[in-house]
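Each remark here refers to the structure printed beneath this line.
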């Protein structure tokens, strides 16, 4: 769902807007900028929301799953669940969940 798809979606939707809306705005004395912002732009709300939802979904799919993030403890990284509850060792570097070491409060 990249930019070319969004451009195609907007282009197809603008082509489907009736020409009579433009002509009525011209008869009422609107200029090109007023025609776009007062006539065409409000009609584009539905396609804008569609593009926003599709782009958010596409970007969320690119985020890594929490189970795939590395842990400080290599034995815990190979466990079946990302947040397996085990007895913590005496080291302060272990974490319960699989967050990278740069996110732990002790790293700051």
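So the values come out like this:
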{"quantity": "Unmet criterion (only one of (1) modelled with pLDDT of 90 or more; (2) loosely packed, with under 10 Cβ neighbours inside 10 Å; (3) in contact with a helix residue (DSSP H, G or I) (Cβ under 9 Å, 6 or more places away or on another chain)) for residue 27", "calculated": "(3)"}
{"quantity": "Check on residue 89, in a loop (DSSP other than H, G, I, E, B) and at pLDDT below 90", "calculated": "yes"}
{"quantity": "Per-region count, region 1-20, residues surrounded by 10 or more Cβ atoms within 10 Å (Cβ to Cβ) and outside any helix (DSSP H, G or I)", "calculated": "2"}
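The values are calculated or read from the model by the stated rules, or taken from the named source; none is laboratory data. Note that the structure is predicted; figures quoted are calculated from it, not measured. Neighbour counts run over all protein chains shown; Cβ positions are idealised from the backbone, glycine included.
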